[in-house]
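Report on the structure given below.
The values are calculated or read from the model by the stated rules, or taken from the named source; none is laboratory data. Note that the coordinates shown come from a computational prediction; the quantities given were computed from them, not determined experimentally. Using ideal geometry, Cβ is built from the backbone for each residue, glycine included, and neighbour counts are taken over all protein chains shown. Ligands, DNA and RNA are stripped out before the accessible areas are found, and what is left, the full protein with its side chains, is counted by its heavy atoms. Shrake-Rupley method; radii C 1.70, N 1.55, O 1.52, S 1.80 Å.
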Amino acid sequence: EKRRELTTEGGLNIKKNKKVLKNTILKLKKNKIRVSLFVEPLLSNVELAFILGADCIEIHTGVFCNSLNKKNKKKAEIMYLKVKQCANYAKNFGLDVHAGHGLNYESVHRLSKIEAISEFNIGHFIIAESIFIGLKNSIKKFKKIINN
């Protein structure tokens, strides 16, 4: 994985790669493999993920997290609402909804209020935080945040 790859800097460009994704998803589904697409929080991405046959989406939370970190409350609120809207929209299509990228205690606390999100991909932060407080404590802290 290179630092400038789309999957680390943002969600997949589903519209541009529709044909390749459709064929790849079909191959994976034939082999009974669940498919999740990493997407920017746009309703059009959610709809395309469903049309292409994905089982799940992971909403890219990077812009939301960066806004929180920079204390840009207005942008953070706008992005939170976009994530929430997309999560609920995806749930209506029967898609599982995950969220990830740039997550930390504060952002997970806020996003955990969105009931449609069933999973947070927070591995990077958990491992980094475990250097200071230990892996077990880092996991416990996240579980407490998510379950409250």
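A few remarks follow.
- Selected residue (only one of K141, K71 is at positive phi and charged (D, E, K, R)): K71
- Conditions (1) in contact with a strand residue (DSSP E or B) (Cβ under 9 Å, 6 or more places away or on another chain); (2) surrounded by 18 or more Cβ atoms within 10 Å (Cβ to Cβ); (3) at pLDDT below 95; number of the one not met by E129: (1)
- Restricting attention to the range 87-109, the residues being farther than 19 Å from I122 by Cβ and open to solvent by 20 Å² or more (accessible area, probe 1.4 Å) number 6.
- If you go through the range 69-86 and pick out every residue that is open to solvent by 10 Å² or more (accessible area, probe 1.4 Å) and either among the β-branched types (V, I, T) or closer than 20 Å to E119 by Cβ (or both), you end up with 6.
- Among the conditions (1) surrounded by 15 or more Cβ atoms within 10 Å (Cβ to Cβ); (2) at positive phi, I117 misses just one, which is (2).
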